[in-house]
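Asks: The structure under discussion is supplied below as structure tokens; questions concerning it will follow.
The values are calculated or read from the model by the stated rules, or taken from the named source; none is laboratory data. What you see is a predicted model, and the numbers here were worked out from it, not measured in a lab. No Cβ is skipped: glycine too gets one built from the backbone with ideal geometry, and neighbour counts run over all protein chains shown.
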Amino acid sequence: MHHTHYHRPASVAEAVKLMGEHPDDKVLAGGQSTLPSIKLGLLAPEGFIDLAGVAGLRGIAVQGNSISIGAMTTHAEVAASRDVRSLIPALAVLAGGIGDRAVRNRGTLGGSIAHSDPAGCYPAGVLGLAATIHTNARQIAADDYFKGLYETALNPGELITSVSFPKPEKAAWVKFRQPASRFSIVGVFVARTAGGVRVAVTGAGPCAFRVKALEDRLSAKFAPQSCDGVAIPADGLNSDLHGSAEYRAHLIGVLTKRAVAAAA
């Protein structure tokens, strides 16, 4: 039988200290990816560092023209937040469509983007809104954060504390979901911001990514028809029993068009 140990730090400093002392332990946020991985035999951590008792990692605050969301804030809390629904309604829609009620009431923003599942919804929202990931050590721009399959810019011992989302001029989220898991076969987050239009995609590649060809068209004219005729290469996209790379490439264009229509 595999024996594990359990830690429940009370502060970010204590959590980071434990991460340094126990590098083979798994940091536990909502556990919605960790626990199924253990049940499937894909993960056997030496122990757990549970963040549930860490003060200051939960909550939503409006800061000028942006919203700061604590890493341990659940999907359900984001979806129900009056502030999020007022300033960035597309983000509330995204959070409200993750998994089922049980997942939404346990899963967290920080856990989702730290795990960086290739079909996770939050990575597209973080990238599409040009969010900033705040850790115990630094700030990371969304464009620099997602690196590859389950790979992020986080260093060993680095802990996400919050994510700040600037308010866009317009934004929308549309996903084509896998009906059993409710993960994104393809999901697209479109945002028109002061810096231009951003089109962020999840479910189609190893990690969330932007589509410059669509962004250029939509920056020139933010209208659904601007997406017509933009060819999305299938090279490097995911291909599995739910859809081929070519199918996912096609869905990117279709869902972007729908998202622009919803935003406009």
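Asks: Is there a residue in region 176-192 that is within 17 Å of Ser226 (Cβ to Cβ) and not hydrophobic (A, V, I, L, M, F, W, C)?
Replies: Among the residues of region 176-192, at least one is within 17 Å of Ser226 (Cβ to Cβ) and not hydrophobic (A, V, I, L, M, F, W, C), which makes the answer yes.
Asks: Next question. Out of the strands (runs of 3 or more DSSP E) lying entirely within region 119-188, which hold 2 or more residues that are assigned by TED's automatic domain parsing to the domain that holds Val201 and crowded, with 20+ Cβ neighbours inside 10 Å?
Replies: Where strands (runs of 3 or more DSSP E) fall fully within region 119-188 and carry at least 2 residues being assigned by TED's automatic domain parsing to the domain that holds Val201 and crowded, with 20+ Cβ neighbours inside 10 Å, they are 170-177.
Residues checked against (1) surrounded by 20 or more Cβ atoms within 10 Å (Cβ to Cβ); (2) outside the structural domain of Ala180 (by TED's automatic domain parsing); (3) among the hydrophobic types (A, V, I, L, M, F, W, C):
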residue: His5; (1), (2), (3): no, yes, no
residue: Leu42; (1), (2), (3): no, yes, yes
residue: Leu51; (1), (2), (3): yes, yes, yes
residue: Val78; (1), (2), (3): yes, yes, yes
residue: Arg82; (1), (2), (3): no, yes, no
residue: Ala95; (1), (2), (3): yes, yes, yes
residue: Arg101; (1), (2), (3): no, yes, no
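Asks: Here's a follow-up. Applying the selection to region 116-143, what residues are touching a strand residue (DSSP E or B) at 6+ places or on another chain (Cβ under 9 Å) and farther than 20 Å from Gly187 by Cα? Show your work before the answer.
Replies: Residues of region 116-143 touching a strand residue (DSSP E or B) at 6+ places or on another chain (Cβ under 9 Å): 116-136, 139-143.
Selection gives Thr132, Ile133, His134, Thr135, Asn136, Gln139, Ile140, Ala141.
Asks: When you go through Arg192, Arg210 one by one, which is the residue that is under 13 Å from Val126 (Cα atoms) and either touching a residue at least 12 places away in the same chain (Cβ under 8 Å) or over 16 Å from the mean Cα position of the chain (by Cα) (or both)?
Replies: Arg210
Asks: Next question, about the same structure. For region 1-51, what are the residues that are under 23 Å from Leu109 (Cβ atoms) and of a type in the set (Asp, Glu)?
Replies: Matches in region 1-51: Glu14, Asp25, Asp50.
Residues checked against (1) in contact with a Lys or Arg (Cβ under 9 Å, 6 or more places away or on another chain); (2) buried (at least 20 other Cβ atoms within 10 Å of the Cβ); (3) among the acidic types (Asp, Glu):
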{"residue": "Lys212", "(1), (2), (3)": "no, no, no"}
{"residue": "Arg217", "(1), (2), (3)": "no, yes, no"}
{"residue": "Ala220", "(1), (2), (3)": "no, no, no"}
{"residue": "Gln225", "(1), (2), (3)": "yes, no, no"}
{"residue": "Pro233", "(1), (2), (3)": "no, no, no"}
{"residue": "Ser239", "(1), (2), (3)": "yes, no, no"}
{"residue": "Arg248", "(1), (2), (3)": "no, yes, no"}
{"residue": "Lys257", "(1), (2), (3)": "no, yes, no"}
{"residue": "Ala263", "(1), (2), (3)": "yes, yes, no"}
